[in-house]
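Engineer: My questions will all concern the structure given below.
The values are calculated or read from the model by the stated rules, or taken from the named source; none is laboratory data. Quick caveat: nothing in here was measured; it's all calculated off a predicted structure. Positions of Cβ are backbone-derived with ideal geometry, glycine not excepted, and every protein chain shown enters the neighbour counts. When the accessible area is computed, the model is the full protein with side chains, heavy atoms only, and any ligands, DNA or RNA have been set aside. Shrake-Rupley method; radii C 1.70, N 1.55, O 1.52, S 1.80 Å.
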Amino acid sequence: VQLQAYGGGLVQPGGSLRLSCAASGSISSINLMGWYRQAPGKQREVVARISSGGSTNYADFVKGRFTISRDNAKNTVNLQMNSLKPEDTAVYYCNARIATTHFWGQGTQVTVSS
């Protein structure tokens, strides 16, 4: 599985960004897709995940602000991020899981700053 992430950038607090991730390869075997993030000096943490059936779960710190969606026809997963805060600043990584194997896309920087 190969993952290509798009989006990210610099945005002011309260603004919005949309991240997209295109999957290729053995995509029919993917059970779960999601987004993780890693801020400087911190461990990578899960942001949001979506199953092949469309079930979603979110980290508490993004609930109500971020929305994950999946387009199975286009083999993409998106993360709409609203009401961004400076503490959302991090490198965001697309993730796909097949059984217990994780696949990662390249990170994309999100910076929230005035």
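Engineer: Can you report the principal axis dimensions of the chain using only the alpha carbons, biggest first, rounded to whole angstrom?
Structural biologist: Between the extreme Cα coordinates on each principal axis of the chain lie 41, 26, 22 Å.
Engineer: Reported to two decimal places, what Rg/Rh ratio describes region 68-114 when computed on Cα atoms with Rh from the Kirkwood expression? Please list the in-between numbers first.
Structural biologist: Working: Rg = 13.1 Å, Rh = 12.5 Å.
We get a ratio of 1.04 for region 68-114.
Engineer: Just to confirm, what accessible area per residue do you get for the chain at 1.4 Å probe, in whole Å²? Present the calculation step by step, with values, prior to reporting the outcome.
Structural biologist: On the way: 5870 Å² over 114 residues.
Here the per-residue accessible area is 51 Å².
Engineer: To the nearest 10 square angstrom, how much accessible area does Asp71 have with a 1.4 angstrom probe?
Structural biologist: In the full protein context, Asp71 sits at about 50 Å².
Engineer: Could you state how much accessible area Ile30 has, in square angstrom rounded to the nearest 10, with a 1.4 Å probe and all protein chains kept in place?
Structural biologist: Surface open to solvent at Ile30 totals about 10 Å².
Engineer: Students often get this wrong: which residues of region 1-31 have the backbone nitrogen under 15 Å from the point 7 angstrom along Cα-to-C-beta of Ser51?
Structural biologist: Answer for region 1-31: 30-31.
Engineer: If you don't mind, another one. Count the DSSP beta bridges whose two residues both fall in the chain, then state the antiparallel fraction as a percent rounded to the nearest 5. Walk me through the numbers on the way to the answer.
Structural biologist: Working: 40 of 43 bridges.
About 95 percent, rounded to the nearest 5.
Engineer: Hey, what did the chain get for relative contact order, percent, Cα under 8 Å, at least 6 apart?
Structural biologist: Numbers: 281 pairs, mean separation 42.8, N = 114.
Over the chain, the number comes to 38 percent.
Engineer: I would also like to ask the following. Quick check: convex hull over the Cα atoms of region 34-84, volume per residue in Å³, rounded to an integer? Don't skip to the answer; put the middle values down first.
Structural biologist: On the way: hull volume 4.3 nm³, N = 51.
Output value, Cα hull per residue: 85 Å³.
Engineer: How charged is the neighbourhood of Ser69? Take every other residue with its Cβ under 14 Å from the Cβ of Ser69, and add Lys/Arg as +1 and Asp/Glu as -1.
Structural biologist: Working: positive: Arg18, Arg49, Arg70, Lys74; negative: Asp71.
Summing Lys and Arg as +1 and Asp and Glu as -1 gives +3.
Engineer: Kindly provide the trypsin sites (Lys or Arg not before Pro) of region 20-66 that DSSP labels as loop, not H, G, I, E or B, and whose Cβ sees at most 16 other Cβ atoms within 10 Å. Intermediate results must be reported in sequence, preceding the final value.
Structural biologist: Details: sites: Arg37, Lys42, Arg44, Arg49, Lys63, Arg65; in loops: Lys42, Arg44, Lys63, Arg65.
Those satisfying the criteria are Lys42, Arg44, Lys63, Arg65.
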